[in-house]
Amino acid sequence: MKLPQVLAFDVFGTVVDWHGSIAREVDAMGLGVSGDEFALAWRAGYQPAMQRVRSGELGWTLIDDLHRMILEDLLRRFGINHLDEAAKRHLNRAWHRLDPWPDSVPALARLKSRYMICSLSNGNIGLLAAMAKRAGLPWDCILSAEVFRAYKPDPATYLGVARVFDVAPQEVMLVAAHHDDLAAARACGLRTAYVERPLEFGPRHPKDVSPQPGCDVHATDLVALAELLRC
């Protein structure tokens with residue numbers, strides 16, 4: 001396999017543990033609800049909220065703002081009505097404080113030694129920058145749907161990476177723990193690497209990480225990916 005020049009990473013679930021991080025913060029706030037259930041419900045609102053932007057029902061809206069819209073609905077659904085504005089803002093920014101998977105930072109450092117590495121996330125730039133600063137994610141560049149004003153799986157996001165780095169699409173490899181994201185990238189000519197994250201939705205909800213056809217690389221984690229890509 002001819003090696004790519006640029007590795008673009010999905011972030012939520014692939015590089016950072018959104019479920020464990022959100023569940024811990026919710027539990028720590030003592031809201032009287034299950035952090036596990038609240039985290040899953042918050043994430044479940046993610047795709048429908050972005051679809052409202054894709055369909056034109058909403059104008060361009062940052063993920064921070066979509067997260068807040070989902071949060072307001074969840075607080076009503078879970079019967080949480082005592083939080084003031086400061087507490088709501090702090091909780092919403094839990095998405096800025098997601099912890100990396102244990103292998104992420106050392107593996108990214110290895111991959112960075114040979115490749116250009118960047119995020120390619122639906123998260124907005126401020127969110128991704130705060131997350132990277134706190135978690136020590138060593139991106140060469142932070143790319144976000146915000147840059148292209150389009151949410152994945154819009155082709156503008158995947159092709160935008162190639163345009164930013166002035167390379168052909170086949171010289172970019174998307175790294176993700178989600179087969180739908182990877183399939184959309186392949187349709188745009190990118191190469192793809194699947195990374196197993198069986199606990200993305202928490203230990204009570206293990207995810208099927210079986211290999212699927214189409215990917216150039218299937219790795220058990222990011223350290224394994226670094227080895228497969230000769231780092």
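In the list (i) 16.2, 46; (ii) 17.8, 53; (iii) 17.4, 56, the label attached to Rg and Dmax of the Cα atoms in Å as derived from the coordinates here is (iii). With all protein chains in place and a 1.4 Å probe, the accessible surface of the chain carries 53 percent carbon and sulfur.
Looking at the calculated P(r) for the range 126-181, what percent of the C-alpha pair distances fall above 18 Å?
So the portion of pairs separated by more than 18 Å is 41 percent.
Connecting C-alpha atoms closer than 10 Å in a GNM of the chain, tell me which of ALA184, ALA193, ALA145 has the biggest fluctuation. Sorting by GNM fluctuation, first place goes to ALA184.
Near VAL217: Cβ cut-off under 11 Å, other residues only, Lys/Arg at +1 and Asp/Glu at -1. The net charge is -1.
For the range 1-88, dividing the convex hull volume of the Cα atoms by the residue count gives 149 Å³ per residue.
Distance from the C-alpha centroid of the range 205-220 to that of the range 51-119: 24 Å, rounded to the whole angstrom. Lacking any other cysteine beta-carbon closer than 4.7 Å, the following Cys residues of the chain have no compatible partner: CYS188, CYS215, CYS231.
Here the sum of -39500 (n - 2.57) over DSSP H runs of 4 or more residues, divided by the residues of the chain, equals -13000 deg cm²/dmol at 222 nm, to the nearest 500.
Against the 2.2 N^0.38 Å scaling, with N counting residues, where does the range 78-121 land? I'd like the Cα-based Rg ratio to two decimal places.
1.84
Counted over the chain, the DSSP beta bridges are approximately 10% antiparallel. LYS152 contributes an accessible area of around 10 Å² to the protein surface, as traced by a 1.4 Å probe with all chains present.
Here the range 103-231 was treated as a single set of alpha-carbon atoms; its pair distances binned every 10 Å from 0 give 13, 42, 41, 5, 0 percent.
The values are calculated or read from the model by the stated rules, or taken from the named source; none is laboratory data. Because the structure is a prediction, the values reported are computed rather than measured. Note: ideal-geometry Cβ built from the backbone for every residue, glycine included; neighbour counts use all protein chains shown. All accessible areas refer to the heavy atoms of the entire protein, side chains included, with ligands and DNA or RNA removed. Shrake-Rupley method; radii C 1.70, N 1.55, O 1.52, S 1.80 Å.
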